[in-house]
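Asker: Dumping the structure here so I can ask a few things about it.
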Amino acid sequence: MQKFQPTRIERSRTSLEIQWKDSHHSELSYRLLRQKCPCARCDATRLGKDPFHILPSDDFFENLHLVDIQRVGRYAVRLIWNDGHRTGIYTFEFLRELSEDTPEV
């Protein structure tokens, strides 16, 4: 069994809200989620290994929103973005780590 299990995942206008089984609540901005996308291409871009990929501008993030959330087994979700990006699979453990690493605003 996974250590971190969500009981509810919902889209808001600017963030993904997650209620966890242990009563923890996460609110992760779309900007953060997209910047931390775990897919191979985004990871290569963050590490500077894809010289042909240009980092998105602030305008890009202002217009970014989720189109859909798809469950992946019992361990993750795939986030579908309005620009067509859909290859990032966000494990529940990864989402929880992002939540705990992000200071509350």
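The values are calculated or read from the model by the stated rules, or taken from the named source; none is laboratory data. The model shown is predicted, which means the values in this text are computed figures rather than measured ones. Glycine gets a Cβ as well: all are built from the backbone with ideal geometry, and neighbour counts include every protein chain shown. What goes into the accessible areas is simple: the full protein's heavy atoms, side chains included, and nothing from ligands, DNA or RNA. Shrake-Rupley method; radii C 1.70, N 1.55, O 1.52, S 1.80 Å.
Asker: Looking at (1) surrounded by fewer than 15 Cβ atoms within 10 Å (Cβ to Cβ); (2) at pLDDT 90 or above; (3) over 16 Å from residue 5 (Cβ atoms); (4) not hydroxyl-bearing (Ser, Thr, Tyr), which is the one condition that is false for residue 17?
Answerer: Condition not satisfied by residue 17: (3).
Asker: Filter the stretch 47-72 down to residues that are at pLDDT 90 or above, open to solvent by less than 70 Å² (accessible area, probe 1.4 Å) and over 21 Å from residue 13 (Cβ atoms), then give me how many there are.
Answerer: Residues flagged as at pLDDT 90 or above, open to solvent by less than 70 Å² (accessible area, probe 1.4 Å) and over 21 Å from residue 13 (Cβ atoms) within the stretch 47-72 amount to 1.
Asker: Something else about it: Give the residue that is least open to solvent (accessible area, probe 1.4 Å), with candidates limited to residues of the stretch 3-14 that are touching a helix residue (DSSP H, G or I) at 6+ places or on another chain (Cβ under 8 Å) and within 16 Å of residue 90 (Cα to Cα).
Answerer: Checked the stretch 3-14; the qualifying residue least open to solvent (accessible area, probe 1.4 Å) is 6.
Asker: Quick test of your reading of the structure: residue 44 fulfils all but one of (1) within 16 Å of the chain's Cα centre (by Cα); (2) in a helix (DSSP H, G or I); (3) at pLDDT below 95; (4) not acidic (Asp, Glu). Name the failing condition by number.
Answerer: Every condition holds for residue 44 apart from (1).
Asker: Considering only residues of the stretch 73-86 that are out of contact with any helix residue (DSSP H, G or I) (no Cβ under 7 Å at 6 or more places or on another chain) and assigned to a loop (DSSP other than H, G, I, E, B), which is surrounded by the most Cβ atoms within 10 Å (Cβ to Cβ)?
Answerer: 85
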